[in-house]
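The values are calculated or read from the model by the stated rules, or taken from the named source; none is laboratory data. Model, not experiment: these values are computed from the prediction. Cβ coordinates were reconstructed from backbone atoms using ideal geometry, including for glycine residues, and neighbour counts include every protein chain displayed.
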Amino acid sequence: MATMKQVAEKAGVSTTTVSHVINNTRVVSEDARERVLSVIQELRYIPSAVARSLKNDRTHTIGMMIPNNSNPYFAEVIQGIEDASFKLGYNIILCNSYDDPKKQAAYIRVLMEKRIDGLILVSSGTDEDLTQLLANEGIPKVLVDREVTGVVADLIEADHVQGGYDATRYLIDLGHKKIACVAGPKTLLPSGGRVTGYLRALQEAGINFNPAYLIHSDFTSQGGFNAFQELLSRDDRPTAIFASNDLMAIGGICAANQANVKIPQQLSVVGYDDIALASFSTPPLTTISQPKHAIGQLTAQILVDRIANPESPMRREMLSSQLITRQSTSPPAET
């Protein structure tokens, strides 16, 4: 691998001049600049990002901590972050916590050691260690979807309460009264918001809430499968189920198929997120579509703005979602 010294010798200049050309830190004659750039290309010299960051106090690197990038929802958010970050001149270091708060805190320490310029965090729950770590660090940060108690930071979120309400209201408008909700973990704010919307829609419609119709599970296909199995085994099984994400809904549809429950003739299902797979499930899934790519792009832009202007007022942005109707829902069967 070529070194700065080799570039300087071949271009007939000092290493200081090569450094100024690379970093644009001082005026260099056009002739010298062209010679240096030509040699850099010829030798395929790659400047040391670490050395440049020590000199400029910037790494142009953003750390990103998410629960699990195999979840299609997060994959689309990440794509939005990467697209915007690339255009803004930033690289990404991605870490997965797999919903483990201890691993989350450990990875954030590693990112800090890498001298990232800013942090994007989708929290996997909070503990005292995480709160203290983020509160004590002066690094710019943006939280996505989930606040962290005791931490002051910009926040980007979707309106989960309205999304849960819209999903449930749609099922009510179809004529359903026995509507269950398969929710995510109780500790996660998006899950709580969607349940709040579900309960509000039932209350407004004068439908009594049946506690047995609310089941908390993991935001996974297996979590949805298990919850649907429990609901469908009841004597007074629901005629419709609102699942708090599409993976849960798709796992639930599999459970319904195994129980010989026809969708949507015998059971209507609504998901949440509108991942790409939702339109290819059997039947195609009615769902609440979140602006995943837009969330990612806005998150990156706000973080870069925060890096440039650390004293500017904190921002809290809430993006709206919309109902997408497909073939997994219909009016309840005549009884």
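Candidates in the range 282-309 are the residues that are within 17 Å of Ile81 (Cα to Cα) and either touching a His at 6+ places or on another chain (Cβ under 7 Å) or of a type in the set (Gly, Ala, Ser) (or both); of these, the one that is surrounded by the fewest Cβ atoms within 10 Å (Cβ to Cβ) is Ala294. For the range 12-39, a residue qualifies if it is surrounded by fewer than 18 Cβ atoms within 10 Å (Cβ to Cβ), within 17 Å of Ala2 (Cβ to Cβ) and either touching an Asp or Glu at 6+ places or on another chain (Cβ under 8 Å) or not aliphatic (A, V, I, L, M) (or both), and the qualifying residues are Gly12, Ser14, Thr15, Ser38.
Looking only at the range 33-65, which residues are of a type in the set (A, V, I, L, M, F, W, C), over 16 Å from Ile93 (Cα atoms) and modelled with pLDDT of 65 or more?
Taking the range 33-65 and keeping what is of a type in the set (A, V, I, L, M, F, W, C), we get 36-37, 39-40, 43, 46, 49-51, 54, 62, 64-65.
The next check asks that each one be over 16 Å from Ile93 (Cα atoms); those that pass are 36-37, 39-40, 43, 46, 51, 54.
Matches in the range 33-65: Val36, Leu37, Val39, Ile40, Leu43, Ile46.
Going through the range 232-249 one residue at a time, which ones are farther than 13 Å from Asp218 by Cα and crowded, with 22+ Cβ neighbours inside 10 Å? Of everything in the range 232-249, those that are farther than 13 Å from Asp218 by Cα and crowded, with 22+ Cβ neighbours inside 10 Å turn out to be Pro238, Ala240, Ile241, Phe242. Based on what the data block shows, is Asn71 modelled with pLDDT under 85, under 28 Å from Val304 (Cα atoms) and among the polar types (S, T, N, Q)? Answer is no for this residue.
Only one of Gln203, Gln162 is of a type in the set (S, T, N, Q) and farther than 17 Å from Tyr272 by Cβ. Can you tell me which?
On the way: Gln162 fails: farther than 17 Å from Tyr272 by Cβ.
Going through Gln203, Gln162 in turn, the sole match is Gln203.
For the range 181-214, how many residues are of a type in the set (Gly, Ala, Ser), assigned to a loop (DSSP other than H, G, I, E, B) and at pLDDT 95 or above? The total comes to 2.
Taking the stated definitions as given, is Ala158 under 16 Å from Arg306 (Cβ atoms), crowded, with 19+ Cβ neighbours inside 10 Å and either touching a residue at least 12 places away in the same chain (Cβ under 8 Å) or not basic (Lys, Arg) (or both)?
Values: under 16 Å from Arg306 (Cβ atoms): no; crowded, with 19+ Cβ neighbours inside 10 Å: yes; either touching a residue at least 12 places away in the same chain (Cβ under 8 Å) or not basic (Lys, Arg) (or both): yes.
For Ala158, the condition - under 16 Å from Arg306 (Cβ atoms), crowded, with 19+ Cβ neighbours inside 10 Å and either touching a residue at least 12 places away in the same chain (Cβ under 8 Å) or not basic (Lys, Arg) (or both) - is not met.
Table: residues versus (1) over 14 Å from the mean Cα position of the chain (by Cα); (2) surrounded by 15 or more Cβ atoms within 10 Å (Cβ to Cβ); (3) of a type in the set (Val, Ile, Thr).
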| residue | (1), (2), (3) |
| --- | --- |
| Thr61 | yes, yes, yes |
| Ala75 | no, yes, no |
| Ile81 | no, yes, yes |
| Gly89 | yes, no, no |
| Ser97 | no, yes, no |
| Lys103 | yes, yes, no |
| Val110 | yes, no, yes |
| Arg115 | yes, yes, no |
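For the range 250-273, name all the residues that are crowded, with 20+ Cβ neighbours inside 10 Å and β-branched (Val, Ile, Thr).
Going residue by residue through the range 250-273, those that are crowded, with 20+ Cβ neighbours inside 10 Å are 250-253, 255-256, 263-264, 267-273.
Answer for the range 250-273, where residues must be crowded, with 20+ Cβ neighbours inside 10 Å and β-branched (Val, Ile, Thr): Ile250, Ile253, Ile263, Val269, Val270.
Screening the candidates Gln301, Gln290, Gln266, Gln297 for the property of being over 23 Å from Val144 (Cα atoms) and touching a residue at least 60 places away in the same chain (Cβ under 8 Å) yields one hit, Gln266. Look at (1) within 25 Å of Ala75 (Cα to Cα); (2) of a type outside the set (S, T, N, Q); (3) in contact with a His (Cβ under 8 Å, 6 or more places away or on another chain) and you find that Cys254 fails only one, number (3). Candidates Ser330, Ser279, Ser312: the one that is buried (at least 17 other Cβ atoms within 10 Å of the Cβ) and either out of contact with any helix residue (DSSP H, G or I) (no Cβ under 9 Å at 6 or more places or on another chain) or in a loop (DSSP other than H, G, I, E, B) (or both) is Ser330. For first residues located in the range 3-30 and closer than 17 Å to Leu43 by Cβ, partners that are aromatic (Phe, Trp, Tyr) and lie 6+ apart or on another chain with Cβ distances below 8 Å form the pairs Thr3/Tyr45; Met4/Tyr45; Gln6/Tyr45; Val7/Tyr45.
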